[in-house]
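What follows is a set of notes on a single structure, which appears directly below.
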Amino acid sequence: MTDQHLDTRVQKGRQSSADTSAAAVLEGRSPRRGISRILPFLGPAFVASVAYIDPGNFATNIAGGAQFGYLLLWVVVASNLTAMLVQALSAKLGIATGRNLAELCRDRFPRPVVWGMWGISELVAMATDLAEFLGAALGFYLLFHIPLFVAALLAGVVTLLILALERRGFRPVEAVITAFVGVIAVSYVIETILDRPNWTEVAVGALVPRFAGTESVLLATGILGATVMPHVIFLHSALTQHRIVPRNEAQAKLLYRFEVTDVLLAMGLAGVVNAAMLIMAASTFHARGLTSIASIDEAHRTLAPLLGRASSTIFAISLLASGLSSSTVGTMAGQVIMQGFLHRQIPIWIRRLVTMIPALVVIALGLDPTRTLVISQVVLSFGLPFALVPLVIFTSRRDVMGGLANHRLTSVLASAVTAVIIALNLFLISRMLSGG
């Protein structure tokens, strides 16, 4: 990273980012101290974190907790730690280069590879949007008892209204998304208090890696796919590439340290919510022998007689907040993917309408929404290597990242995580083909 390169980015970035308080902190001119010094830098990771607590997480965590109790809680913990590493690398890529991951792939890979990666990334984005849009529709359906198809149309309208806030800059969208994250977190704090889990079993489940047959591996892969999201790896680098532009390498390193704090806070909160989802299903359903509860609708109906009517309402509110916010973020990610790989864009409302179609088809055909959500998360897990491999390659290269290039240990750890994800997917495929 050269000072000349950074000066060019400053001229571009000053127009796209009006966050002068953040610039003052980087330049040492700010009187801010303590927590207030960090506040201008918070936001991108909270937008990204929505993808880690989307309706796909509801589906996989409820199914995993109901069928296997606390057995797969360690997968949630491991997935969240992986998410922290991955999102920190993605944020760093945008800060160091002023480019997002898709743009760097377009610039540095052969054209056939770029087209192939774009196609795979779009399929992943569609699978993501299917899960998120179905979740928003289910949230409206469960809360207001309206037909599911009408609920889906309502979800589309509300999502478009949230996306329209982008015209006013990044802060309004960040504020709305962060508010949704807060609603989901508070909802699950209440749910956890109501279901009174066995904390000894929670600790064992969180720390001891175990499986119990092919179905548990399928759900573990789904949890991984629902937690570490390929589309948001592309998005996070776009959220940081021009948001706050450093003037030199020292400022870039300081900015990255603030972004790491953003990631730790946002992903830590998302991890707690994910764990609470599985714990709720394990302590409420599995503990009572209700291991066949594998749908969001069933979970909602069963919570009322077990924990009281308020619990099912809180569950529906959290699902609605999750679906609306993650659907918004998914649409934003789709725009970044197309712009980055192809250097083209379509109006965001057209993308929103087109990506609604698969969810509307699922609803019209009467398919089980929750099972569809779980399978969509497995598809996401299969798409992860196509985002992770180039991310690890680029962030390890000094000619791309300058002084923000990964330390050797970071590169080794990121490579190991990518290898484990690929191995888990291959293992799942082999078990499914063999009928094991």
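What follows draws every value from the coordinates through simple rules; no lab data is involved. In this text, all values refer to a predicted model and were calculated from it rather than measured experimentally. Methodologically, a virtual Cβ is constructed for each residue, glycine included, from the backbone with ideal geometry; neighbour enumeration extends over all protein chains shown.
Some observations on this one:
- Phi-derived couplings, Karplus 6.51 cos²θ - 1.76 cosθ + 1.60 at θ = phi - 60°, listed residue by residue for the stretch 143-154: 7, 10, 6, 9, x, 4, 5, 5, 4, 5, 5, 4 Hz, with x used for Gly and Pro.
- Max mean-square fluctuation residue, GNM over the chain, Cα-Cα springs under 10 Å, options I162, I350, I421: I350
- Computed from the Cβ-Cβ distance with R0 of 35 Å, the FRET efficiency linking R408 to V113 stands at 0.85.
- Mean silhouette area of the stretch 228-269, derived from the convex hull of its C-alpha atoms and averaged over all directions, reads 3.2 nm².
- Note on the stretch 110-204: Rg/Rh from Cα positions, Kirkwood definition for Rh, rounded to two decimals, is 1.11.
- Rough spin-label spacing in nm, given labels placed 7 Å along Cα→Cβ, for A250 and R344: 4.6
- Globularity ratio of the stretch 45-164, using Cα Rg and 2.2 N^0.38 Å: 1.32
- FRET efficiency, V189 to F144 (Cβ-Cβ, R0 25 Å, nearest 0.05): 0.55
- Each Cα pair under 8 Å and six or more residues apart adds its sequence gap; the mean of these over the residue count of the stretch 53-184 is a relative contact order of 20 percent.
- Computed from phi, the 3J(HN,Hα) profile of the stretch 314-330 under the Karplus parametrisation 6.51, -1.76, 1.60 (θ = phi - 60°) reads 4, 4, 5, 4, 5, 5, 5, 4, 5, x, 5, 5, 6, 5, 4, 5, x Hz, with x in place of Gly and Pro.
- In range of the label at R167: residues from the stretch 334-349 whose backbone nitrogen is under 15 Å from the point 7 Å along Cα→Cβ: 347-349
- Spacing of the modelled spin labels on A175 and L290, each 7 Å from Cα toward Cβ, amounts to 4.0 nm.
- Phi angles of the stretch 333-343 translate, via the Karplus equation with coefficients 6.51, -1.76, 1.60 and θ = phi - 60°, into HN-Hα couplings of 5, x, 5, 5, 4, 5, 4, x, 6, 10, 6 Hz per residue; Gly and Pro are given as x.
- Highest-MSF residue in the chain out of L367, L89, L324 [GNM, Cα springs under 10 Å]: L367
- Angle between the chain longest axis and helix 55-68 axis [Cα atoms, degrees, rounded to 10]: 50
- Residues whose amide H falls under 5 Å from that of R397, counting only those 5 or more places apart or on a different chain, are N406, with hydrogens built in the peptide plane.
- Entry note, the chain: the mean residue ellipticity at 222 nm calculated from DSSP H runs of n ≥ 4, each adding -39500 (n - 2.57), is -26500 deg cm²/dmol after division by the residues and rounding to the nearest 500.
- Relative to the longest principal axis of the Cα atoms of the chain, the long axis of helix 170-195 lies at roughly 30 degrees.
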